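Structure record follows, encoded as structure tokens.
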Amino acid sequence: MDWYMMNCELLATCSALGYLEGEVYHREPDCLESVKDLIRYLRHEDETRDIRQQLGAAQILQNDLLPILVQYPQDKVLFDAVIRLMVNLTQPALLCFGKVPSDATSRHHFLQVLSYLQAYKEAFASEKVFGVLSEKLYDLLQLDWEQRQDEDMLLIERILLLVRNVLHIPPDPTEEQGVDGDASVHDRVLWALHMSGMDDLLKFLASAQVEQQWALHVLEIISLMFRDQSAEELAALGQGQAAAEHGEDIQELETLRQRELAEKRARALQRPSRHSRFGGSYVLQGLKAIGDRDVIFHKGLHNLKSYSHDMGKETRRVPRRRQAAPETETPRRSARNVRLFLRCFCQDFLESCYNRLMLLVKDQLVREKAQQHDETYYLWATAFFMAFNRRRGFRPELVSETVSVRAFHFIEQNLTTYYEMALMDKKEAATWARRMHLALKAYQELLRTVQEMDRSPEQAVRDSSQVIKSNIFYLMEYRELFLTLFRKFDETKQPRSFLRDLVETAHLFLRMLERFCQGRSSLVVQSKRVRKKKKKPRAPAAIAPQPPSTAELEELWAGLVPQLQACLQGEVPLPEDVVPFDAASETPVEEQRTEALLQIQGCLRGARAPQALRLLRSARDIWPEGDVFGTPDTGPPEEMQLLREILFAPLPGHAPPKTEELEEDEEEEEEEEEETVQVSEKEFNFLDYLKRFACAPVVRALVVLLRGYARNSPHTNHCAARLLHRLARDLHMEALLFQLSLFTLFHRLLNDPAAGAYQELVALAKFILGKFFALAATNKKAFVELLFWKSPLAIREMTEGYGSLQDGEGAGRSRVPPWTPQQEQELRELYWKYKEVEGEDIIATILAHLPAPGRTRRQVVKQLVRLGLASSAKDFPRERKGTRIVLWTPEQEEELTRLFEEFQGSEDVLGNIMRHLTARRSRARVVEKLLGLGLVSERKELYKKRRRKGHVPVPGAAGTPALPAQDSSAEDSDGEEEDEDGDEAEEGPMDEHWTPEEGAGQGLAHRLHQEGLAGPLQWLENCLRRTAEDRQVDGVSHPVPLVPLSEENEDAMEDRRFWALLRQLGLRPPSNEQESFWRIPAAITPQQLRRMATSIAHHHHSPPGSPQGPLEPPRCPQDPAPEQLPARLGSGSDSESGASPCPHCCSEEPVPVPNPARPGTKRQREFDSEDEDDGSLAPSSLPPPSGMELAPAAPRSWEDEDKDEDLQPRGRRKRVRRLEEEEEEEG
């Protein structure tokens, strides 16, 4: 990006900073404001980071910000602003873009920002810049903790972040192509940091007691300082190891020289006697060309060995998803003076800072005070500094903080977490693999440190290593870790360096474990076994026993009366260990109350009168509200009557079972597996553990590593060869290595001119090849076996003969008895016999007729497929469990058509059909069949019709006979369901400006209070008063909905008598299909609302003029006839008499009514109300308001109770049915 393309305002701001004249920078008067403007511009840059790119192209940091920083450090405000701006400009590109962009445009912007960052890093390679930063940081650290201001703490953190950002900038591979030993940009930055004394300040921050909050910042900076370094090389520097480095270089050059000399000798031997122009043509007998003729070779015979059919072909392009993962870090040797400085830094850091810093960082990680993935710095520091200490004299006390069983556990946990995330998060698998590599290197260094402790001359150190080894070898997780990593190795996600460290760590672990076992006669380790239990599908619920008849209960009660009288008179002591409530149980309190009723009834029917009476009194103390178990002052006669009612009550536990409609999407009940982990101890056998490595994934990973044997270090090749040697020689499984890819590697190795440098691999190759050709002499199929990776069972068959394991160990291993020819013939006969039988499961029929041994369904299906009788297991689907009625018979279709024609004009067509249908089917299947028969064209025709706006004849109107009050309570269950669904007659829309009269509704409210509606009246009063207060405070009036959140209030809002009261008060009913709740009109003033609340407030005397006698609604011609509301037993949980204030209207602000309401709004409100009912705002859990008496609920006979359709409250049934209908509408 050129300078002239810069934004005009940004250009003007940069020009106002100042100018550089020679070595002196002259700042402008508006310099500080310009810096702050640049910070604001960066805050509002777009996703392409345009401001950052323009500032980078203009080199603002190099030409303006750094000179200002160096020449004006005494201006504290300007210095602080410049530091803030530079921290923002130097932040990593990954933080700016979130991740490396995949599209070309965004990736171009990413690389552009990265190039500017690399230019910034080169500008920071100045001793002056780091000198100013060090002096400022030193001055700030000299201040006592009490003297430091918040601005000082922020400046310290910003300086550390600036140093972190500069060191984090990656090198430019196109610019830095020097050889090892040259000073790179990173080396120059490190040298400037060292010359300024910043490294000493970092060591002070890491060791000071009062500066522990900077622990993670310091550790991150140190990890970036040593990014390209090797701990072993730094430790070997300056100890006379220069000759060793020189020797390694000489050895590498000697290997290359041997390869070159061998190639020269081969070319000399292959030089033909004739001129190359007359090389001749040859026929290669036995090697066919594309056709049936032999190959004709037109080159000299010395080139024959290099002939291949692939000559002249284009190399196949490897897809990106199959390419090997690139190496994240390329090893590089820095300049010698930089390495010497870093070595001294490591020594000082280990002696004075390491243990303390690692303790602080570990504490912050455990307490989750650090940022995400900050544990990677901890893992890197563990691996690096422990390796340096091990190679630099090994003093275990310097790294004691990270040499413990807890350290092993912490690293193993993170390694397992990274491994699991790499499997789950496929898109970021490479990132998780890098983190897993850091954890693996830390784990490897811990093992090497423990191994070094075994060689210590101090007995205490050797004892400590024995304790650590006994712990890690005892636990199964540490032993299974390497097997898991080998089996899940993926070279497209994990680089070769990870595989190299994995092989070296596994080799070290096996060697330590082998030596640990050799010194003991027996070793006991922990073993975990996962058992999978197949849970059988739950059997259908058994038919409940018939409840005892009334005569039997009368006879039982006659026998219980003397016992209960003796208990009530104190002659028989009551048990003390009977508790009806368990506070620690997960069962809700309401369900425990129902269970207490069932327990009392069970004790009575079991003739255990003392236990029943104790349960009754205990339950009364626990649940005093609602008088379900009696009032606190209940006497012996009332207790006798209550126990009798409980004995005769048809409670839910003894109700006859009802057939539930099974939904269409009911999942098939398959056999579930339940996993249980059994922990035990067993005697450890090293060879048995080694056999776990005898598998194809381990051998495949070793072959991948050995493909680059020429690039591997001698130690890496030794570890890989030793693992293969263990599998081949120690386990006598040479055939496990009979694989073509490994033999190709052996062929390349044996033909390598420098094979003398790999004697161990050459010896292994010759041994394996000798064993193979010896086996090939007796087993001609051995050549075909080279194409496949093999398991131990395949190896056994390959060496001992095919089919030798069918009656031996191999057959017993799978626990599946083999199929004999007679059994196979019988299976064929049964299959052909029952194949054409319709309506039966053929596999179930075959299983019923098969003789012992017993077979499973899967075994029979697999054998049928193997015999060619079926193409796949999909030919035998399992029977779907559900209604078990899939097809409609003609009789059932005629019945459905008849029922549809009969109820076509009714309000609930589908509900009536479901009630009268003979075969039980789900609603979804009935709807589909109606659509299939063409009886309806769309699902909406089957929705329940809602009666609105006076569509129902009103009792007392002209032409309509008035119904007596008692008839309304004698409606059948179908009529109740229709009423519950909101199909009641409603008034027309009321005038918004109508105002109630003085004292309106006072008499009706008094009568409702006497009928047991005290709670809803109190709720309505609170809603009116709260709305009045809100309207007076806000000065704005909106229609406020009355949302009942408790079952008691919801039942009251469905009562026609309560409607009459609401109409007298001037409240408005739902005006259209979109509204569900009554509303307080906006025209009613706060004074009128308070008068209305006062008129319905309960006073202990009858209001003047209130008529006595039976309750009657006011003389409104449109009011429906009143109904009697039956109460539950003892005014139970379904009809609580305790007053419950409305949580919505009495504790929150009034809710404005949306106009119009969306279809989902009503459903959401109903969900919220149901949650409130189930939560802590239930009526049973709230105490009654002060100054209010609770009227006892009217007793209800058991004959009325039996008329109910179920034991759920009407409001809950209504909500469930309404939700089902709306879900069908939305579907």
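Brief remarks follow.
- Treating r as the C-beta distance of Leu793 and Leu867 and R0 as 25 Å, the FRET efficiency rounds to 0.60.
- Distance from region 1019-1073 to region 418-470 (C-alpha centre basis), Å: 69 Å
- Local net charge near Arg322, Cβ-Cβ under 14 Å (Lys/Arg +1, Asp/Glu -1): +3
- Normalised per residue, the accessible area of region 1-103 is 51 Å², obtained with a 1.4 Å probe and no contribution from ligands, DNA or RNA.
- With all protein chains kept in place, the per residue accessible area of region 351-485 amounts to 44 square angstrom at a probe of 1.4 angstrom.
- Apportionment of accessible area to carbon and sulfur, region 134-236, percent (1.4 Å): 48 percent
- Two-site FRET efficiency, Ala696 against Glu928, from Cβ-Cβ distance with R₀ of 56 Å, rounded to 0.05: 0.65
- For Glu785, neighbours were defined as the other residues whose beta-carbon sits under 15 Å from its Cβ, and their charges (Lys and Arg +1, Asp and Glu -1) total +2.
- Take each peptide in 769-775, 470-476, count the other Cβ atoms within 10 Å of every residue, and average; sorted highest first, the result is 470-476, 769-775.
- Take each peptide in 693-703, 1029-1039, count the other Cβ atoms within 10 Å of every residue, and average; sorted highest first, the result is 693-703, 1029-1039.
- Distant-in-sequence amide H partners of Val1040 (H built 1.01 Å from N, under 5 Å): Ile1080
- Simple label model, 7 Å out from Cα along Cβ direction - Gln213 to Gln825, nm: 8.9 nm
- Within the accessible area of region 401-507 (1.4 Å probe), percent carbon and sulfur: 51 percent
- Most tightly packed first, judged by the mean number of other beta-carbon atoms within 10 Å of their residues, the peptides 907-919, 1044-1056, 16-28 read 1044-1056, 907-919, 16-28.
- Structure note, pairs Lys305/Lys766; Lys426/Lys790; Lys469/Lys771; Lys780/Lys874; Lys264/Lys313; Lys493/Lys790: Cα-Cα distances above 31 angstrom occur for Lys469/Lys771; Lys780/Lys874.
- The label point for Arg707 and the one for Glu638, both projected 7 Å from the Cα toward the Cβ, are 8.8 nm apart.
- For region 685-842, the Kirkwood estimate of the hydrodynamic radius, built from every pair of different alpha carbons, is 18.4 Å.
- For Pro610, net neighbour charge (Lys/Arg +1, Asp/Glu -1) across residues whose Cβ lies under 15 Å away: 0
- Accessible surface computed residue by residue for region 706-800, with neighbouring protein chains in place and a 1.4 Å probe, gives 49 Å² per residue.
- Label point at Asn471 placed 7 Å out along Cα→Cβ; residues across region 410-432 whose backbone nitrogen lies under 19 Å: 410-416
- Centre-to-centre separation between the Cα atoms of region 74-95 and those of region 479-534: 48 Å.
- Residues Lys426 and Ser281, FRET efficiency given R0 of 41 Å [Cβ-Cβ distance, rounded to 0.05]: 0.15
- Solvent-accessible ranking of Met195, Met798, largest area first, probe 1.4 Å: Met195, Met798
The values are calculated or read from the model by the stated rules, or taken from the named source; none is laboratory data. Because the structure is a prediction, the values reported are computed rather than measured. No Cβ is skipped: glycine too gets one built from the backbone with ideal geometry, and neighbour counts run over all protein chains shown. Surface accessibility is based on the protein's heavy atoms, side chains included, excluding ligands, DNA and RNA. Shrake-Rupley method; radii C 1.70, N 1.55, O 1.52, S 1.80 Å.
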